[in-house]
Amino acid sequence: MRPGLPLLLSEFVEALDDSPSWTRFHYLDRQTGEIATALTEDVDAAGNFADVRKDHLRYVRIDALPAWVRMQIRQRFVEQVEDPTLRLDLADALQATHAFVEFQRLLRNNGAALEAFAAFRIVSLADAAREWLAAHKVNGLELK
């Protein structure tokens with residue numbers, strides 16, 4: 001049996017954990033394992049991305065995970081942050097009106113925390129990624 005085409009787990013997790021949006025859509029190409037991101041302004045009357053949006057056998061739309069799942073991942077990450085000031089700031093951000101935006105803003109201002117969260121998120125969502133692939137009957141791709 002030949003090995004499956006690679007699907008980059010980091011890119012797939014990014015799509016699963018992206019904030020739901022009316023301006024950005026992610027699709028998985030079953031043939032290549034690539035993630036295509038379409039912005040609303042790219043989907044125009046000229047037919048850009050029409051092939052992606054219409055070919056349901058090849059492309060599968062990746063909808064973001066529910067907000068409560070995404071929030072739980074962040075809460076678990078905060079619990080393991082060692083710096084007490086950063087841990088408190090991140091916990092406060094998760095209570096804010098725009099919790100995901102505030103959380104991300106704090107991470108952007110702390111490179112080490114941003115990298116730590118990216119790694120934590122990949123590990124945390126690896127099973128969800130496999131379940132998504134199985135639920136959508138995506139075969140022949142191997143998470144890398």
_Could you put Asp83, Asp127 in order of accessible surface area, largest first, with the 1.4 Å probe and the full protein assembly present?_
Asp127, Asp83
*Among Gln95, Ser19, Ala129, flag the residue with its Cα farthest along the positive direction of the charge dipole of the chain, charges on Cβ as +1 for Lys/Arg and -1 for Asp/Glu.*
Ala129
_Mean-square fluctuation check for the chain, GNM, Cα pairs under 10 Å: which of Ala113, Ala50, Ala67 is largest?_
Ala50
*Under the Karplus curve 6.51 cos²θ - 1.76 cosθ + 1.60, θ = phi - 60°, whole-Hz ³J(HN,Hα) for the range 61-70, x wherever Gly or Pro sits*: 6, 9, 8, 5, 5, x, 4, 5, 5, 5
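In square angstrom, what is the accessible area per residue of the range 1-126 with a 1.4 angstrom probe?
Dividing the accessible area of the range 1-126 by its residue count gives 61 Å².
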_Cα coordinate range in the range 69-144, projected on the principal axes (Å, largest first)_ = 44, 25, 18
*Which one of Leu125, Leu114, Leu90 has the biggest mean-square fluctuation once the chain is modelled by GNM with Cα springs under 10 Å?*
Leu114
_Accessible surface of the chain [probe 1.4 Å, protein heavy atoms]: carbon and sulfur percent_ = 54
*Using amide H atoms built 1.01 Å from N in the peptide plane, name the residues 5+ places from Asp18, or on other chains, whose amide H lies under 5 Å from its own.*
Leu65
*Output ³J(HN,Hα) for the range 128-144: one whole-Hz value per residue in order, computed from phi by the Karplus curve 6.51 cos²θ - 1.76 cosθ + 1.60 with θ = phi - 60°, and x for Gly and Pro.*
4, 5, 5, 5, 4, 4, 5, 4, 9, 6, 8, 10, x, 10, 10, 5, 10
*Highest-fluctuation residue, Pro20, Pro84, Pro66 considered, GNM on the chain with Cα pairs under 10 Å*: Pro84
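The values are calculated or read from the model by the stated rules, or taken from the named source; none is laboratory data. Predicted model, so just to flag it, every value in this text is computed and none were measured. All Cβ positions, glycine included, derive from the backbone under ideal geometry; neighbour counts span all protein chains shown. All accessible areas refer to the heavy atoms of the entire protein, side chains included, with ligands and DNA or RNA removed. Shrake-Rupley method; radii C 1.70, N 1.55, O 1.52, S 1.80 Å.
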